1. Quick one: what pairs do we get from the stretch 28-46, first residue free of Cβ contacts under 8 Å to residues at least 60 places away in the same chain and closer than 19 Å to residue 7 by Cα, second basic (Lys, Arg) and assigned to a helix (DSSP H, G or I), C-beta under 8 Å, 6+ apart or different chains?
2. So, of the residues in the stretch 10-25 that are within 10 Å of the chain's Cα centre (by Cα) and part of a helix (DSSP H, G or I), which turns out to be nearest to residue 53 (Cα to Cα)?
3. Looking at the stretch 11-27 only, could you name the residues that are surrounded by 13 or more Cβ atoms within 10 Å (Cβ to Cβ) and closer than 14 Å to residue 1 by Cβ?
4. Can you name every residue in the stretch 21-70 that is in contact with a Lys or Arg (Cβ under 7 Å, 6 or more places away or on another chain) and either among the basic types (Lys, Arg) or farther than 17 Å from residue 10 by Cβ (or both)?
5. Identify all residues within the stretch 28-46 that are of a type in the set (Asp, Glu) and either over 13 Å from the mean Cα position of the chain (by Cα) or surrounded by 16 or more Cβ atoms within 10 Å (Cβ to Cβ) (or both); write none if there are none.
6. Got a number for residues in the stretch 12-27 being without any contact (Cβ under 8 Å) to a residue 12 or more places away in the chain and of a type outside the set (Asp, Glu)?
Amino acid sequence: MKTLAKEIAVKLGEGAFCVVFEDDLERCWPSNKMPQARREREIQNFAESQGWAAAILEGAFGTRAIFRRL
């Protein structure tokens, strides 16, 4: 999770937002090990702990989270 936080921080230093796709989310929050609502809450908690906001979207290619600075 520290690696993901560093990657997001770098991207947010370069732009207004950072999109994290399903394969990266899956490493930290496995979808087969927790209900979707809990997974989304944990992603939100992670974002808030870093001083970010996260929008979580479901689509044809899986879940993605869009992080932005608060």
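1. 29/39
2. Only one residue fits best here, namely 25.
3. 20, 24, 25, 26
4. Listed by number, the residues that qualify are 22, 29, 31, 53, 57.
5. 40, the sole residue that qualifies.
6. So the count comes out to 2.
For (1) in a loop (DSSP other than H, G, I, E, B); (2) out of contact with any Leu (no Cβ under 7 Å at 6 or more places or on another chain); (3) modelled with pLDDT of 95 or more; (4) open to solvent by 60 Å² or more (accessible area, probe 1.4 Å), each residue gets a yes or a no:
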residue: 8; (1), (2), (3), (4): no, yes, yes, no
residue: 48; (1), (2), (3), (4): no, yes, yes, yes
residue: 53; (1), (2), (3), (4): no, no, yes, no
residue: 58; (1), (2), (3), (4): no, yes, no, yes
residue: 63; (1), (2), (3), (4): no, no, no, no
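The values are calculated or read from the model by the stated rules, or taken from the named source; none is laboratory data. Being a predicted model, the structure only gives us computed values, none of them experimental. With ideal geometry, Cβ positions are generated from the backbone for all residues, glycine too; neighbour counts draw on all protein chains shown. Side chains included, ligands, DNA and RNA excluded: accessible areas come from the protein's heavy atoms. Shrake-Rupley method; radii C 1.70, N 1.55, O 1.52, S 1.80 Å.
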